[in-house]
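Working notes, structure below.
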Amino acid sequence: MTRRMHGDLQFVRATAADVADVLAVLDHAAAWLTAAGIQQWPDRFVTEWITPAVERGETWLVRTNGRTAGTVTLDWSDPLWSDSLGRAGYLHRMAVERWSAGTGSAILTWAADRARAHDAAALRLDCVATNPGLRAYYEAAGFHHRGDVEVGGAPGQRAGGGARTLVSRYELLL
């Protein structure tokens, strides 16, 4: 199914035609974070980082009243968690437009519901370890810190090489 409702929000599976919308939300969020002095993501996302997940049907646009309020990628494997057992959903690149602040909690609830529907025992995510505000946000949402690990590439990219970034892993048991 390509559309799902969650309260007033509509979750629409992104297609190749939506990549510009996904990038716009991510870039707006990245700019806001940078202006706030938070190094969470690169200044701009690159199309090549986004399109594989879109092509696999893992990226969603979150809409309300015909406007794009956010985006999220939900997939079913992540090498960053290869040491953890059990079926899980993995949340990546969750971002909301500033005018829809507060939508993140609804996205987390939607993602947990989707993971449960896929018989997952957990919802997992990561964020840069140097963002205490975001870490506290996830902890307040019920996620538990499961350690810090280094990843390669720019934050948000996940390449094998390049710059190294320390990320904190979080898990919500379902």
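The numbers here are math on the coordinates, done by the rules we state, and not lab data. Nothing here was measured: the structure is a model prediction, and the numbers come from that model. Here the Cβ positions follow ideal geometry from the backbone for every residue, glycine too, while neighbour counts run over all protein chains shown.
Around residue 132, with a cut-off of 15 angstrom between Cβ atoms, what is the net charge of the other residues, counting Lys and Arg +1 and Asp and Glu -1? Write down the numbers at each step before the final one.
Values: positive: 135; negative: 126, 139, 148.
Net of charged neighbours comes to -2.
Looking at the square roots a ≥ b ≥ c of the eigenvalues of the Cα gyration tensor of region 40-111, which shape do they give, rounded for a/c under 1.5, prolate if a/b is larger than b/c, or oblate? Note, shape of region 40-111 comes out prolate. Using a simple spin-label model with pseudo-atoms 7 Å out from Cα toward Cβ, residue 166 and residue 56 lie 2.8 nm apart.
For residue 166, what charge total do you get from the other residues with a beta carbon under 13 Å from its beta carbon, if Lys and Arg give +1 and Asp and Glu give -1? If you can, show how the numbers build up before the last one.
Values: positive: 135, 164, 169; negative: 126, 148, 150.
The answer is 0.
Residues of region 137-153 with backbone nitrogen within less than 16 Å of a virtual label 7 Å along the Cα-to-Cβ line of residue 105, please, listed as ranges. Answer for this model: 137-143.
Would you mind working out the magnitude of the charge dipole of region 1-121 relative to its Cα centre, with +1 at each Lys and Arg C-beta and -1 at each Asp and Glu C-beta, to the nearest 20 Debye? Display every interim value, and only then the final one.
Values: 12 positive and 14 negative charges, 73 e Å.
That gives region 1-121 a dipole magnitude of about 360 debye.
Count Lys and Arg as plus one, Asp and Glu as minus one, and take only other residues whose Cβ is under 14 Å from that of residue 19; the net charge is then -2.
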